[in-house]
Each structure stands twice: as C-alpha cells, then as structure tokens.
C-alpha cells in the first residue's frame, strides 16, 4: 500500500534518485501517519521526447487526479 511512481527526465545520478526516494518516502509516511515499511517507490527516466507522451498520459489525461499542477509547458523541454 501506497506505491509512489516518480517519472522524470533522465540525467539524475543514482545518488540523487536514492536521496529523493528516501525523502519522498519519509514525507509520505509522516503525512499519512504510517510506517514507511508499507511504502514502495519506483523511479523511471525519460527523454524529453518520451516525456511528451508521459506528460499527456499522466498529467493532461488525468487532470482530475493531479494534486500539484504543472507550471511549465512540456514542449519547452524539447
């Protein structure tokens, strides 16, 4: 139970990903008042071109489920 999926542009180091995963897991556990024992997390890297499809599927098409709205146009990454 909860599973976190982080999808982002490629280019971060494994150390950066590990630190981000730990920080997000800790924040979620604290905000939900639960143990991090139950949290899983994945990180997927994408090129700027691939990101256009990911953004559409994960953000644009799911706008009713997005809690933090983007403040950029994904086309600006190309």
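Readers should treat all values here as calculations from the given coordinates under stated rules, not as data from a laboratory. Quick caveat: nothing in here was measured; it's all calculated off a predicted structure. In this analysis, Cβ positions are derived from the backbone assuming ideal geometry, glycine residues included, and neighbour counts consider all displayed protein chains.
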Only helices counted: for the chain, with every DSSP H run of 4 or more residues adding -39500 (n - 2.57) and the sum spread over all residues, [θ] at 222 nm is -11000 deg cm²/dmol
Given a Förster distance of 25 Å, the FRET efficiency implied by the Cβ-Cβ spacing of residue 1 and residue 60, rounded to the nearest 0.05, works out to 0.40
So the FRET efficiency between residue 36 and residue 76, C-beta based with R0 = 25 Å and rounded to 0.05, is 0.10
